[in-house]
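Visitor: Right, I'll just put the structure down here and ask away after.
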Amino acid sequence: MAAAQAMMQTPAQARLPGRVSARPLPPSAIGLQAGAVVPLPGMTDALGRIGQTMVIRRNGVLQEAGAAAEYVYRVVDGQMRAQQLLPDGRRHVIRFPAAGDFVGFDEQGDCASTVEAITDCTVVRYPRRKFDALLAGDAGAGQQILRLICRQLSASNRMLMLLGRKTAAERMASFLLDMAGRRQVAAAADGVRFSLPMSRGDIADHLGLTVETVSRTFTQFRRRRLIALADRHDVVVLDRDALEEIAGD
């Protein structure tokens with residue numbers, strides 16, 4: 001009976017296993033490279049002039065929820081995790097910023113989420129005051145940033161539908177397809193391979209599932225020859241059409 005009741009839980013009721021663990025960066029964990037800003041393809045030179053490239057080591061904290069939102073960040077390389085702490089101590093992983101994504105568009109003056117590095121990451125940091133002034137005075141830069149924000153908003157809307165309407169298998173299929181679409185994939189013997197560096201707990205807290213359900217669904221997909229796992233973090237998509245049918249996208 002308990003198992004049946006657990007299967008009927010809504011995403012909002014599902015038990016999220018993780019908790020936020022914010023670890024402030026020691027000086028050795030962050031490197032600032034003044035004047036070595038990694039360019040954003042197609043972006044104006046003006047944005048590059050106000051940026052500063054940073055290296056965030058694995059498990060380092062880029063920003064903490066509640067801190068003053070003094071900077072906007074662009075991820076150049078690596079995988080990050082944006083998360084919020086729920087009132088009862090559980091966490092929700094909002095999204096996984098990766099190359100090309102912006103972090104720090106918080107309108108209330110404080111950071112809405114804690115952002116940590118899952119892997120070693122390279123980001124560009126823009127002072128919020130200079131960033132806002134640039135966008136106000138440079139229509140071209142403003143249009144390009146708006147397109148990027150709209151892309152992130154569309155991804156957030158897809159996630160709301162995923163959490164509100166989809167089964168565990170549908171959520172996992174959608175997640176894998178989204179991750180594969182956002183990453184550079186490599187040809188494998190039977191399909192395409194991509195890296196999935198986040199933990200099973202991160203995925204569970206992102207999709208509103210338990211770690212056990214995530215692991216069980218991975219196993220089901222493997223047995224059905226939809227995916228293969230080269231190792232714990234490398235996924236090979238063997239049957240994309242079948243995953244898309246499950247996802248219902």
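Visitor: Are there any pairs with C-beta distances below 8 angstrom linking a residue in the stretch 41-54 that is hydrophobic (A, V, I, L, M, F, W, C) and part of a loop (DSSP other than H, G, I, E, B) to a residue that is modelled with pLDDT of 75 or more and surrounded by 14 or more Cβ atoms within 10 Å (Cβ to Cβ), with the two at least 6 apart or on different chains, and if so which?
Guide: Listed pairs, sorted by first residue: ILE50/TYR126; ILE50/PRO127; ILE50/LYS130; ILE50/PHE131; ILE50/LEU134.
Visitor: A further question on this structure: I'd like to verify a number: residues in the stretch 206-223 that are open to solvent by less than 10 Å² (accessible area, probe 1.4 Å) and modelled with pLDDT of 95 or more, how many?
Guide: Within the stretch 206-223, residues that are open to solvent by less than 10 Å² (accessible area, probe 1.4 Å) and modelled with pLDDT of 95 or more number 4.
Visitor: Shifting gears a bit: For residues in the stretch 108-133 being open to solvent by less than 20 Å² (accessible area, probe 1.4 Å) and free of Cβ contacts under 8 Å to residues at least 60 places away in the same chain, which is farthest from the chain's Cα centre (by Cα)? Break it down into steps so the answer makes sense when it comes.
Guide: Taking the stretch 108-133 as the starting set, the residues that turn out to be open to solvent by less than 20 Å² (accessible area, probe 1.4 Å) are 111, 113-118, 121, 123-124, 126, 131.
Subset that is free of Cβ contacts under 8 Å to residues at least 60 places away in the same chain: 111, 113, 115.
Working: CYS111: 16, SER113: 12, VAL115: 9 Å.
This residue is CYS111.
Visitor: So which residues in the stretch 107-122 are at pLDDT 95 or above and of a type in the set (A, V, I, L, M, F, W, C), if there are any at all?
Guide: Scanning the stretch 107-122 gives VAL115, ALA117, ILE118, CYS121.
Visitor: Right, another one. Could you run through the stretch 70-98 and say how many residues are small (Gly, Ala, Ser), in a loop (DSSP other than H, G, I, E, B) and surrounded by 17 or more Cβ atoms within 10 Å (Cβ to Cβ)?
Guide: 2
Visitor: Would you check if LEU196 is open to solvent by less than 60 Å² (accessible area, probe 1.4 Å), at pLDDT 80 or above and either in contact with a strand residue (DSSP E or B) (Cβ under 6 Å, 6 or more places away or on another chain) or among the polar types (S, T, N, Q) (or both)?
Guide: Working: open to solvent by less than 60 Å² (accessible area, probe 1.4 Å): yes; at pLDDT 80 or above: yes; either in contact with a strand residue (DSSP E or B) (Cβ under 6 Å, 6 or more places away or on another chain) or among the polar types (S, T, N, Q) (or both): yes.
Yes; evaluated as a whole, the condition is true for this residue.
Visitor: Still on this structure: Only residues in the stretch 218-238 that are free of Cβ contacts under 8 Å to residues at least 40 places away in the same chain count as the first member; pair them with residues that are among the polar types (S, T, N, Q) and exposed (fewer than 14 other Cβ atoms within 10 Å of the Cβ), Cβ under 6 angstrom, at least 6 apart or cross-chain, and list the lot.
Guide: From the stretch 218-238, no pairs qualify.
The values are calculated or read from the model by the stated rules, or taken from the named source; none is laboratory data. All values reported here derive from a predicted model rather than from experimental measurement. Positions of Cβ are backbone-derived with ideal geometry, glycine not excepted, and every protein chain shown enters the neighbour counts. Remember, those area values only see protein heavy atoms, side chains included, never the ligands or the DNA or RNA. Shrake-Rupley method; radii C 1.70, N 1.55, O 1.52, S 1.80 Å.
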